[in-house]
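The values are calculated or read from the model by the stated rules, or taken from the named source; none is laboratory data. Please read all numbers here as calculations on a predicted model, not as lab measurements. We place every Cβ from the backbone using ideal geometry, glycine too, and count neighbours over all the protein chains shown. Just the protein is used for accessible areas: all its heavy atoms, side chains included, with ligands, DNA and RNA removed. Shrake-Rupley method; radii C 1.70, N 1.55, O 1.52, S 1.80 Å.
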Amino acid sequence: DAGITQSPRYKITETGRQVTLMCHQTWSHSYMFWYRQDLGHGLRLIYYSAAADITDKGEVPDGYVVSRSKTENFPLTLESATRSQTSVYFCASSRTGAPDEQFFGPGTRLTVL
Amino acid sequence: AQSVSQHNHHVILSEAASLELGCNYSYGGTVNLFWYVQYPGQHLQLLLKYFSGDPLVKGIKGFEAEFIKSKFSFNLRKPSVQWSDTAEYFCAVNTPYGGATNKLIFGTGTLLAVQP
């Protein structure tokens, strides 16, 4: 049971480059989420998706793009990376949109130089 | 806007000491409350959750939390901590906003260090 996986686990890139972080879940959960974790801010929601082809903005969406062509995948793209996007990114999923536990991936540590 | 406050940013305890981590939220309606834990180098895991019913909730590894509606609080407790409890603890609130009900708002986290 692979659960929820993220790749890469670590990434260093330069300002202005495009970066895509991958998230894959094997549970067929409807909902998927992207968070960023920064010191002093906890986790903040970037984007979420209720199902394939349905996405919506969270608290801090600027500078990010998501897509969800398949239920199991939810990639997050930084179209032109900035230093302020240096962070740890967590993907999560849940079975339903009702109040429910979210299951988190191992995270991707992204450094933008 | 809804918010979650964790007042203790960094807590250091000795093994066997009792633990209480504070969590307050700002939403006045129906809430669902969670405590997640992040062990060093690992992903977030659910410790416990409160949806309704008995306001004293028991979770894994001997943790419990009490929902006090009048105080907008959901404090986490453990009678006797162990070195293995060293981790970061996040309180989270789920409120129905933006059309999708399963969006979590997290507190800033409390880093707990337990000294052997």
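Out of A:Leu78, A:Leu110, one residue alone is open to solvent by less than 20 Å² (accessible area, probe 1.4 Å), in contact (Cβ under 8 Å) with a residue 24 or more places away in the chain and in contact with a helix residue (DSSP H, G or I) (Cβ under 6 Å, 6 or more places away or on another chain). It is A:Leu78. Conditions first: (1) buried (at least 18 other Cβ atoms within 10 Å of the Cβ); (2) touching a residue at least 24 places away in the same chain (Cβ under 8 Å); (3) within 9 Å of chain B (Cβ to nearest Cβ). A:Gly97 passes all but one, so which condition is the exception? Only one criterion is unmet by A:Gly97, namely (1). Of all residues in the range B:33-49, those satisfying the criterion of being assigned to a strand (DSSP E or B) and surrounded by fewer than 20 Cβ atoms within 10 Å (Cβ to Cβ) are B:Gln45, B:Leu46, B:Leu48, B:Lys49. For the range A:10-32, name all the residues that are loosely packed, with under 12 Cβ neighbours inside 10 Å, within 15 Å of the chain's Cα centre (by Cα) and at pLDDT below 95. Result: no residue meets the conditions. All conditions but one from (1) farther than 21 Å from B:Glu88 by Cβ; (2) open to solvent by less than 70 Å² (accessible area, probe 1.4 Å); (3) modelled with pLDDT of 95 or more; (4) assigned to a strand (DSSP E or B) apply to A:Thr55; the one that does not is (3).
Among the conditions (1) under 25 Å from B:Gly107 (Cα atoms); (2) facing chain B (nearest Cβ under 10 Å); (3) of a type outside the set (D, E, K, R); (4) open to solvent by 20 Å² or more (accessible area, probe 1.4 Å), A:Tyr35 misses just one, which is (4). Hey, does the range B:19-29 have a residue that's of a type in the set (Gly, Ala, Ser) and closer than 25 Å to A:Ser93 by Cβ? There is no residue in the range B:19-29 that is of a type in the set (Gly, Ala, Ser) and closer than 25 Å to A:Ser93 by Cβ. Scanning the range B:41-94 for residues that are over 14 Å from the mean Cα position of the chain (by Cα), within 14 Å of chain A (Cβ to nearest Cβ) and modelled with pLDDT of 95 or more yields no hits at all. Checking the structure you have, find out if any residue of the range B:58-71 is within 25 Å of A:Arg44 (Cβ to Cβ), open to solvent by 70 Å² or more (accessible area, probe 1.4 Å) and in a strand (DSSP E or B). Checked against the condition, which is being within 25 Å of A:Arg44 (Cβ to Cβ), open to solvent by 70 Å² or more (accessible area, probe 1.4 Å) and in a strand (DSSP E or B), the range B:58-71 yields no hits at all. Could you figure out which of (1) open to solvent by 10 Å² or more (accessible area, probe 1.4 Å); (2) over 27 Å from B:Val4 (Cα atoms); (3) away from chain B (no Cβ under 14 Å) isn't true of A:Thr86? Going through (1) open to solvent by 10 Å² or more (accessible area, probe 1.4 Å); (2) over 27 Å from B:Val4 (Cα atoms); (3) away from chain B (no Cβ under 14 Å) one by one, A:Thr86 breaks only (2). Looking at the range B:75-96, is at least one residue exposed (fewer than 13 other Cβ atoms within 10 Å of the Cβ), without any contact (Cβ under 8 Å) to a residue 12 or more places away in the chain and either of a type in the set (Val, Ile, Thr) or in contact with a Ser or Thr (Cβ under 9 Å, 6 or more places away or on another chain) (or both)? Taking every residue of the range B:75-96 in turn, none turns out to be exposed (fewer than 13 other Cβ atoms within 10 Å of the Cβ), without any contact (Cβ under 8 Å) to a residue 12 or more places away in the chain and either of a type in the set (Val, Ile, Thr) or in contact with a Ser or Thr (Cβ under 9 Å, 6 or more places away or on another chain) (or both).
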